[in-house]
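Worksheet: the structure to be examined is printed underneath.
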Amino acid sequence: MKKFLILIVTFLFLLSCGAGKSSESSKGNVEEGTKELSFMIWDKNQEPGMSEIIKEFEKENPNIKVKLQVIGWDEYWTKLEAAATGGALPDIFWMHSERFYDYAANGMLMEVDKGIDEGFKHFPQDLVKLYQFDGKQYAVPKDFDTIGLFYNKALFDKAGVPYPDETWDWNKYLEAAKKLTKDGVYGLAAPLSAQEGFWNLIYQNGGYVVKDNKSGYNDPATQEAIQWWVDLSLKEKVSPTQKEFDEVRFNLMFTSGKVAMVQLGSWNLPAIEENKEFAKNVGVAYLPKGKNRATIYNGLGYSGSAKTKYPEEVKKFLTFLASEKANVIQAQYVSAIPAYEGTQQAWIDHNKDMDLKVFVEQLKYGVIYPVASNGGKWRDLENEIFAPVFAGKVDVKTATDEYAKRMNEMIEGK
């Protein structure tokens, strides 16, 4: 009951703000006969790019206006859930793969025309399928991200260690980290992080997170990979401990020069580039390989509300968002790596000091972000289960066996 009341209060707040509500053509500054669509996103850094896309869309569709609203990630899902409960979702909004199942399964999303771009033929097909439910498409692919190995060139030069390249495997990774660990600097960062951390190693080692709606955490290859990652701090001492990461996040340890290497998603680039002098000394390399080469990749989608007052106008905007033109704008404004094939060059070229093409090239080794029903629930359980492991209080096999059992129960809806 308490949660329900909170949702209602939040919903009323949204109504008072006008969020999640299509505007009538005769209200405000919108001209008579013009339809206004609401469009909600969570990343302020991408607002200029999204605004430019809207501007170009409105030029081609003068009778449709799109009103952009940016709400931070922490509030975004709370407000979206409240709006969904009240039947007042924004007309268009960003969707994340982790939350997609819940919205699609509950009939919240508009089915997307599969004929767009002749079946999204210019997009990574795993990314297209990521937003399908019961054989229907419910989002237009927006962008993709991969995980790269960021390294501090100045610390490598000081230690006389060659920069990482495509030949690096886990052994070379550890060997270099040992040489770099000195004078108060750690060689690398191995935090309790799934997407940017041990998920990549799981697939490099031949394991898996989830397959055919079954957890892969009790698979020996999965457990071996997590053990190797945990050992980097607890046994090899080449990474700060999780306790230290709890005090200073691992990306900040890298930008402050506390660690020489860190695995980060491409979305971290704007934060690193904020310090221009530091960024000049940063390089990006492929993730070191294990038995296989792999990087987790994910991507956002544009979804429409199933209950929008303006379905035809929403379809027009979704079709434009899937166009090559809209994706080129994303690249030019460095909003994200656009998903449309061949539109990434402007994003790569915007920074000549880092080898940003690595993020795009790694897509050929990409493993799509693991998803299954109730993803939000079993992801929330992750820290509870793994925190004692990274603190050295519970062994990897005990924790992963327990996690696999509880994860399977959640996937089955128990």
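The values are calculated or read from the model by the stated rules, or taken from the named source; none is laboratory data. Note that the structure is a prediction, hence the values are computed from the model and not measured. When we count neighbours, we look across all protein chains shown, and the Cβ atoms used for this are built from the backbone with ideal geometry, even at glycine. Just the protein is used for accessible areas: all its heavy atoms, side chains included, with ligands, DNA and RNA removed. Shrake-Rupley method; radii C 1.70, N 1.55, O 1.52, S 1.80 Å.
Just one of the numbered conditions (1) farther than 20 Å from S256 by Cα; (2) touching a Pro at 6+ places or on another chain (Cβ under 8 Å); (3) surrounded by 15 or more Cβ atoms within 10 Å (Cβ to Cβ) is not true of A194; which one?
In the conditions (1) farther than 20 Å from S256 by Cα; (2) touching a Pro at 6+ places or on another chain (Cβ under 8 Å); (3) surrounded by 15 or more Cβ atoms within 10 Å (Cβ to Cβ), A194 misses (2) alone.
Within segment 265-324, work out how many residues are more than 17 Å from P124 (Cα to Cα), open to solvent by 10 Å² or more (accessible area, probe 1.4 Å) and outside any helix (DSSP H, G or I).
The number of residues fulfilling the criteria is 15.
Only residues that are in a loop (DSSP other than H, G, I, E, B) and either open to solvent by less than 50 Å² (accessible area, probe 1.4 Å) or among the small types (G, A, S) (or both): list them for segment 242-264, please.
Hits for segment 242-264 are S256, G257.
Taking the condition of being within 15 Å of I202 (Cβ to Cβ) and not in a helix (DSSP H, G or I), how many residues in segment 373-390 meet it?
The number of residues fulfilling the criteria is 0.
For segment 357-372, give me the residue count where each residue is assigned to a helix (DSSP H, G or I) and open to solvent by less than 20 Å² (accessible area, probe 1.4 Å).
3
Out of (1) exposed (fewer than 15 other Cβ atoms within 10 Å of the Cβ); (2) among the basic types (K, R); (3) assigned to a helix (DSSP H, G or I), what's the single condition that is false for R406?
(1)
Condition first: in contact with a Ser or Thr (Cβ under 8 Å, 6 or more places away or on another chain), assigned to a helix (DSSP H, G or I) and more than 26 Å from T34 (Cβ to Cβ). Now tell me which residues in segment 328-356 satisfy that.
Of everything in segment 328-356, those that are in contact with a Ser or Thr (Cβ under 8 Å, 6 or more places away or on another chain), assigned to a helix (DSSP H, G or I) and more than 26 Å from T34 (Cβ to Cβ) turn out to be V328, A331.
Go through (1) of a type in the set (S, T, N, Q); (2) open to solvent by 10 Å² or more (accessible area, probe 1.4 Å); (3) closer than 22 Å to A399 by Cα for T167 and report which single condition fails.
Exception for T167: condition (3).
Just to be sure before I move on: is F39 at pLDDT below 95 and closer than 25 Å to I337 by Cβ in the structure I sent?
no
So which of G206, G216 is modelled with pLDDT of 95 or more, buried (at least 20 other Cβ atoms within 10 Å of the Cβ), out of contact with any Leu (no Cβ under 7 Å at 6 or more places or on another chain) and within 28 Å of P388 (Cα to Cα)? So that I can check it myself, show each step before the final result.
Working: G206 fails: buried (at least 20 other Cβ atoms within 10 Å of the Cβ).
Being modelled with pLDDT of 95 or more, buried (at least 20 other Cβ atoms within 10 Å of the Cβ), out of contact with any Leu (no Cβ under 7 Å at 6 or more places or on another chain) and within 28 Å of P388 (Cα to Cα) holds for just one of G206, G216, which is G216.
Look at segment 142-151 and say how many of its residues are open to solvent by 10 Å² or more (accessible area, probe 1.4 Å) and over 30 Å from F320 (Cβ atoms).
The number of residues fulfilling the criteria is 1.
Just to be sure, is K393 at pLDDT 95 or above, out of contact with any Cys (no Cβ under 9 Å at 6 or more places or on another chain), over 30 Å from Q137 (Cβ atoms) and not in a helix (DSSP H, G or I)?
In short, yes.
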